[in-house]
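Dropping the structure in here first, questions after.
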Amino acid sequence: MIRVLVVDDQTLVRAGVGLLLRTAGGFEVVGEAGDGHEAVRLAERLRPDVILMDLRMPRMDGIEATRRILDRQRSARVVVLTTFADDVNVYGALGVGALGYLVKDGAPEELVDAVRRAARGEALLAPPVLARVLRRALAAHDREREPDRSAAALRLLSAREREVLALVGAGLSNAEIGARLHLGVTTVKTHVSAAMEKLVLRNRVQAAVLAHRLGLVDDDFNPVPGAGGP
């Protein structure tokens with residue numbers, strides 16, 4: 001059973017999402033919050049598997065709420081709910097650690113699938129969307145993330161971990177990375193987790209951003225030859 005916290009300032013949206021998840025089966029809506037302050041409080045008390053987070057709310061917006069939740073619970077999995085796919089706030093939420101985002105008028109089955117994937121810790125951005133996110137992140141203030149310290153940490157990775165990180169930056173799933181490197185999915189997950197822990201990253205979106213910043217992936221989303229070398 002996947003435990004979900006639904007955060008939105010509109011009561012009807014919260015009710016609709018809750019009904020959808022309960023009808024789909026395999027989900028328990030453990031709480032609802034109408035603003036960011038309440039979301040932070042409930043996330044700490046309830047420890048849900050997945051948090052569906054609205055962006056624009058009174059008192060505290062979804063970006064700040066996501067930041068505070070992930071500062072306290074590094075393993076929390078936050079998925080942004082937004083009205084507009086090009087909402088500039090989406091990039092801020094992804095920058096502080098959200099796994100991905102959903103548009104509120106999307107297909108119901110997309111939301112159900114996204115919550116299940118988020119519960120498994122998977123990123124929710126297809127390669128074309130990831131490309132747009134990365135370009136925005138790399139062009140904006142995301143560069144403030146101490147690149148020199150990150151570059152030093154990168155030297156702590158094994159050759160295989162660097163190679164896997166480059167493929168994460170190229171937008172490949174664990175299954176696709178495994179097929180490319182002739183590794184089992186479990187082995188890929190182990191390498192991804194080890195790399196993220198060493199680099200102090202919260203999720204695959206941040207890992208992909210860092211892979212691009214450190215030159216492991218080119219502008220066309222291809223791994224740079226030798227990325228896995230010493």
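Would you mind pulling out the separation of the Cα centroids of the range 31-100 and the range 166-208, in Å?
24 Å
Work through the residues other than GLN10 whose Cβ is under 12 Å from its Cβ and net out their charges, Lys, Arg +1 and Asp, Glu -1. Write down the numbers at each step before the final one.
Details: positive: ARG14, ARG56, LYS104; negative: ASP8, ASP9, GLU32, ASP35, ASP54.
Result for the local shell: -2.
Now for a different question. Where does each of 167-177, 104-114, 187-197, 209-219 land if you order them by average Cβ count within 10 Å, highest first? The partial results should precede the final answer.
Working: 167-177: 21.7, 104-114: 13.9, 187-197: 18.1, 209-219: 19.9.
Per-residue Cβ counts within 10 Å, averaged per peptide and sorted highest first, yield 167-177, 209-219, 187-197, 104-114.
Between MET60 and LEU156, what FRET efficiency comes out of the Förster formula 1/(1 + (r/R0)^6) with R0 = 41 Å and r the beta carbon distance, rounded to 0.05? Walk me through the intermediate numbers first.
Working: r = 36 Å, r/R0 = 0.87.
Approximately 0.70, to the nearest 0.05.
Ordered by packing density, taken as the mean number of other Cβ atoms within 10 Å over each peptide's residues, highest first, how do 38-51, 16-29 rank? Present the calculation step by step, with values, prior to reporting the outcome.
Numbers: 38-51: 19.9, 16-29: 15.7.
Ranking the peptides 38-51, 16-29 by packing returns 38-51, 16-29.
Set the Förster radius R0 to 22 Å, insert the Cβ-Cβ distance between ARG74 and ASP218 as r into 1/(1 + (r/R0)^6), and round the FRET efficiency to 0.05.
Working: r = 30 Å, r/R0 = 1.38.
With R0 = 22 Å, the Cβ-Cβ based efficiency is 0.15.
Using protein chains only and a probe of 1.4 angstrom, how many square angstrom of TYR101 are accessible, to the nearest 10?
Accessible area, nearest 10 Å²: 30 Å².
The values are calculated or read from the model by the stated rules, or taken from the named source; none is laboratory data. Because the structure is a prediction, the values reported are computed rather than measured. Neighbour counts are summed over all protein chains in view; Cβ atoms, including those assigned to glycine, are modelled from backbone coordinates with ideal geometry. Ligands, DNA and RNA are stripped out before the accessible areas are found, and what is left, the full protein with its side chains, is counted by its heavy atoms. Shrake-Rupley method; radii C 1.70, N 1.55, O 1.52, S 1.80 Å.
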